[in-house]
Amino acid sequence: MRMAAMRFDIITVLPGLLEGPFAHSILQRAQKKGLAEIVVHNLRDYSANKHRSVDDYPYGGGSGMVMSIEPFAACIEHLKAQRVYDDVIFMSPDGQVLNQSTANQLSGVQNIMILCGHYKGIDQRIRDLYVTREVSIGDYVLSGGELPAAVLVDTVVRLIPGVLSDETSALSDSFQGELLDAPVYTRPAVWRGVKVPDVLLSGNEAMIDEWRYDQALERTRARRPDLLE
Ligand code: SAH
């Protein structure tokens, strides 16, 4: 059992990029309810350099800057002196691609640190010495690790017990089981002649459950047959 809010420490050069994603809706509520604590750290505060620089030219030449080890090391060690981290995660396109099962697993731990890269990436020694897990959000490249970090935190926080209310339960979501989610409808029952499936208006719960299961199965077969293998 977790004793306190699940804590996320995110290290970034662009804290402003992370102001929006956690200040709304479910993520905001999770923090207000004391179930999650999300703290963003400005890497530049840990630069010993008078220009507060956090990057330098790559050894061996080539294009793009590389994020230096000293500011990351200072920030990581400062945080580690305060609590024990279950994982120090580096967001990286060459990491393990994020999926629901990883999100479920992470939603059960206490403290997570997340490092956001920029430019060409971070000095490999940071990865070798401090990072315990590398996560990609898909086979494409973004300019920085902030949006990927926000994606990771969102998908994990909504799975922390107590965060979602019953009516938004994650249990029937796609990837939570082996099936994609079924189609959903709301009022009006008829719009420009297009009707909501009769069964959903029937009030017969057993029939509705069966219909949803069939739809989910059909959708999974059509779109993601790999999930059924
Ligand atoms: N040169 C690197 C890409 C650097 S992109 C490479 O080819 O692997 C700059 C930063 O953005 C990365 O260090 C990482 O923190 C983040 N990033 C970019 N794409 C990402 C993805 N798909 N998943 C997670 N993080 C990503």
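The values are calculated or read from the model by the stated rules, or taken from the named source; none is laboratory data. The model shown is predicted, which means the values in this text are computed figures rather than measured ones. Glycine gets a Cβ as well: all are built from the backbone with ideal geometry, and neighbour counts include every protein chain shown. Ligands, DNA and RNA are excluded from the accessible area calculation, which covers all protein heavy atoms including side chains. Shrake-Rupley method; radii C 1.70, N 1.55, O 1.52, S 1.80 Å.
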Checking Arg29 against (1) over 15 Å from Asp154 (Cα atoms); (2) open to solvent by 50 Å² or more (accessible area, probe 1.4 Å), only one condition comes out false. Which one?
(1)
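Of the residues Ile10, Ile26, only one is in contact (Cβ under 8 Å) with a residue 12 or more places away in the chain and either among the acidic types (Asp, Glu) or within 16 Å of the ligand (Cβ to nearest atom) (or both); which? Give the derivation first.
Details: Ile26 fails: either among the acidic types (Asp, Glu) or within 16 Å of the ligand (Cβ to nearest atom) (or both).
Exactly one of Ile10, Ile26 is in contact (Cβ under 8 Å) with a residue 12 or more places away in the chain and either among the acidic types (Asp, Glu) or within 16 Å of the ligand (Cβ to nearest atom) (or both), namely Ile10.
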I need a count of the residues in segment 200-229 that are surrounded by 15 or more Cβ atoms within 10 Å (Cβ to Cβ) and in contact with a helix residue (DSSP H, G or I) (Cβ under 7 Å, 6 or more places away or on another chain).
4
Conditions (1) open to solvent by 30 Å² or more (accessible area, probe 1.4 Å); (2) over 26 Å from Arg7 (Cβ atoms); (3) in contact (Cβ under 8 Å) with a residue 24 or more places away in the chain; (4) more than 16 Å from the ligand (Cβ to nearest atom): number failed by Gln100:
(2)
Do you know which of the residues in segment 50-75 that are among the polar types (S, T, N, Q) and within 15 Å of the ligand (Cβ to nearest atom) is least open to solvent (accessible area, probe 1.4 Å)?
Ser68
Out of the residues in segment 115-169 meeting the condition of being outside any strand (DSSP E or B), among the β-branched types (Val, Ile, Thr) and near the ligand (Cβ under 10 Å from one of its atoms), tell me which one is most open to solvent (accessible area, probe 1.4 Å).
Val141
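From the list Ile137, Ile76, Ile89, pick out the single residue that is within 12 Å of the chain's Cα centre (by Cα) and under 15 Å from Phe8 (Cβ atoms).
Ile89
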Tyr46 passes all but one of (1) crowded, with 19+ Cβ neighbours inside 10 Å; (2) within 15 Å of the ligand (Cβ to nearest atom); which number fails?
(2)
